[in-house]
Amino acid sequence: MTFSHALVLAVHFNTAMGSLARITLPDPSRVKADVLVVGCLEGEETKISSGPRDLSAAVRRLPRARRWRAERGRTLALDCEGLAEIRLVGLGYRNGVDLRGVAAFCDFVEKIAAETGARRIAVVLPRHPKVRAGAALVVSRLALLRYRFDSFRDSSAPDLPRSIQIFPAVADRPKFRAAAKHAKAVAGGAALARDLGNTPPNVANPAWMAARARSLARAVGAKARVLGRRELEKKAMGGILAVGGGSAAAPRLVRLEWGDRGPLVALVGKGVTFDTGGISIKPAAAMDEMKYDKCGACTVFGIVKAVAEIGLPVRLRAYLPLVENMPSGKAYRPGDIVRCYNGKTVEIINTDAEGRMILADSLAWAAEEGAEHIVEFSTLTGAAVVALGEHTAALYTPSDSLSKGLLDAAAGSGEQLWRMPLWPEFLEPMQGNHGDLVNQGGRWGGANNAAAFLGQFVGEHKSWAHIDIAGPAMRSTAPKGATGYGVAFTVGWLAGLCGAAA
């Protein structure tokens, strides 16, 4: 199919180790693509205003001839002589389409791109309020279709989409155009988070991650402070020192500060660059995936980058504890008692419950420095995955208003987030025997107990949130790897918080 285009809105960003697809909104009269993906509403005739008349006629005629219905998630491949391959994707009935459905449509476009190896994809969207509201979601998700982590591959990568043309309904085009800057920044932030998360542990140790933080700070005009072992000892950050003590790669704590106006928000991200479990060593199966235990910190990297690129009127402080949890003669042990930054002592039950130890110091520092809101991201517990599955993160917060803001932003981004209870009884299993606390409770409700433990390190601060991203932070199916989960909804939440258009 050969169609020219006049007006181009480019969304293109080269990450350090990957690239994004170039997104354009061409003139509706012309299309140029190898595959055309059409979103269809159940019970409504599909009309295509772009391209030749025989294309629009084929899309109207052929589905009826094959008795195809546009049920949500159903697809149909059409052969139309002389035209590109056409794939219809059902969105369901008009009144049932929500933003999760729009996100699912984007996932189908990704699958189609992988199946066909198409270099140029055109996407046609119907007129619908949810599609219009999800303009930034659509642009950012489709821009990421090209992402692959191939830095360590000798062989050439498979064909990936170089360009994606989006054809929304004519009346929706201004909304898509206005959403482009936000969407580009979100996609770039997510790609950075993916790059960092996917980088192997023999490269991405605490010092390497701290160096990347300094590079990011220079790039976006942020202030960076990196605490090494000596500074951590001076600040009595026993949690970080204990977990990082068993590794030849010394721990770091990074503090980034960006912005000079607007609400003050602290972001905390768990950065365990590799987690063996320490003395309480993990089973060998899937231990290679423990490089993803730094994805909380990677998400915060991506958020800072995106917020700076958009230029949101918000003041960010990021706290990134970076450690490698290894077994050795210097490793911390079950039975040790560790004193954290706020003075509380923690009796170690399991050295594989290390994330909460490094977050304890970081949250206490963030709370001490003051912020209107504290939001923390961590791949903290397998229990959160058992409870909510691989696609949904667990949100714990005592603040109803913070919860509503984050949940609304997640719904708008297509990322799945679910609020969990934060009840006083969850702290009972975490009460210490010989210290103030223990770092692991009983068998049941592990994610709840961990959240209650973290709540002991924010002082009297009420607007704080712990987000357990253990499920959605990485994908175990092709293309396997870090997802950059959390960048999109957090940037959306921050935009709403400071009154900026997302």
- request: Provide a single number: the residues in segment 381-403 that are more than 30 Å from residue 282 (Cα to Cα), open to solvent by 40 Å² or more (accessible area, probe 1.4 Å) and in contact with a Lys or Arg (Cβ under 9 Å, 6 or more places away or on another chain).
  value: 1
- request: Pull up segment 269-279, narrow it to residues that are β-branched (Val, Ile, Thr) and either part of a loop (DSSP other than H, G, I, E, B) or touching a Ser or Thr at 6+ places or on another chain (Cβ under 6 Å) (or both), then point me to the one that is nearest to residue 328 (Cα to Cα).
  value: 279
- prompt: Looking at 207, 242, 250, which is the one that is in contact with a Lys or Arg (Cβ under 7 Å, 6 or more places away or on another chain), of a type in the set (Gly, Ala, Ser), over 24 Å from residue 185 (Cα atoms) and in a helix (DSSP H, G or I)?
  reply: 207
query: Between residues in segment 154-173 that are surrounded by 13 or more Cβ atoms within 10 Å (Cβ to Cβ) and part of a strand (DSSP E or B) and residues that are of a type in the set (Phe, Trp, Tyr) and at pLDDT below 85, which pairs lie under 9 Å by C-beta distance while being six or more apart or on different chains?
result: 165/3
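For segment 398-502, which fully contained helices (runs of 4 or more DSSP H) count at least 1 residues that are among the acidic types (Asp, Glu)? Quick ask: steps written out before the conclusion?
Working: elements: 400-413, 446-454, 487-497.
Filter on segment 398-502 gives 400-413.
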- prompt: Do we find that residue 129 is out of contact with any strand residue (DSSP E or B) (no Cβ under 6 Å at 6 or more places or on another chain), within 27 Å of residue 184 (Cα to Cα) and at pLDDT below 85 in this structure?
  reply: no
query: For residue 340, all conditions in the list (1) more than 30 Å from residue 404 (Cα to Cα); (2) open to solvent by less than 50 Å² (accessible area, probe 1.4 Å); (3) touching a Ser or Thr at 6+ places or on another chain (Cβ under 9 Å); (4) of a type outside the set (Asp, Glu) hold save one; what is the number of the exception?
result: (3)
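Keeping to segment 408-421, report how many residues are open to solvent by less than 50 Å² (accessible area, probe 1.4 Å) and either over 19 Å from the mean Cα position of the chain (by Cα) or not polar (S, T, N, Q) (or both). So that I can check it myself, show each step before the final result.
Of all residues in segment 408-421, those open to solvent by less than 50 Å² (accessible area, probe 1.4 Å) come to 409-410, 412-415, 417, 420-421.
Imposing the further condition that a residue be either over 19 Å from the mean Cα position of the chain (by Cα) or not polar (S, T, N, Q) (or both) reduces the set to 409-410, 412, 414-415, 417, 420-421.
Looking only at that region, the number is 8.
Going through segment 280-318 one residue at a time, which ones are free of Cβ contacts under 8 Å to residues at least 12 places away in the same chain and part of a helix (DSSP H, G or I)?
Here is the first cut: in segment 280-318, the ones free of Cβ contacts under 8 Å to residues at least 12 places away in the same chain are 283-288, 311.
Correct list: 287, 288.
Taking residue 146, is it touching a Pro at 6+ places or on another chain (Cβ under 7 Å), closer than 24 Å to residue 177 by Cα, modelled with pLDDT under 90 and surrounded by 17 or more Cβ atoms within 10 Å (Cβ to Cβ)? Spell out how you get there, then give the answer.
Details: touching a Pro at 6+ places or on another chain (Cβ under 7 Å): yes; closer than 24 Å to residue 177 by Cα: yes; modelled with pLDDT under 90: yes; surrounded by 17 or more Cβ atoms within 10 Å (Cβ to Cβ): yes.
Judged against the criteria, residue 146 is a match.
In segment 160-185, which residue that is small (Gly, Ala, Ser) and farther than 16 Å from residue 37 by Cβ is modelled with the lowest pLDDT? So that I can check it myself, show each step before the final result.
First pass over segment 160-185, keeping only residues small (Gly, Ala, Ser): 163, 169, 171, 178-180, 183, 185.
Retained after the next criterion (residues that are farther than 16 Å from residue 37 by Cβ): 171, 178-180, 183, 185.
Numbers: 171: 86, 178: 91, 179: 91, 180: 89, 183: 94, 185: 95.
For segment 160-185, the residue satisfying everything is 171.
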- prompt: Quick check: is even one residue across segment 107-115 modelled with pLDDT under 90 and in a strand (DSSP E or B)?
  reply: no
field: First in segment 382-411 and aromatic (Phe, Trp, Tyr), second anywhere and open to solvent by less than 10 Å² (accessible area, probe 1.4 Å) and assigned to a strand (DSSP E or B), Cβ under 8 Å, 6 or more apart
entry: 396/465; 396/466; 396/467; 396/468
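The values are calculated or read from the model by the stated rules, or taken from the named source; none is laboratory data. In this text, all values refer to a predicted model and were calculated from it rather than measured experimentally. Note: ideal-geometry Cβ built from the backbone for every residue, glycine included; neighbour counts use all protein chains shown. The area values use the complete protein model at the heavy-atom level, side chains included, leaving out ligands, DNA and RNA. Shrake-Rupley method; radii C 1.70, N 1.55, O 1.52, S 1.80 Å.
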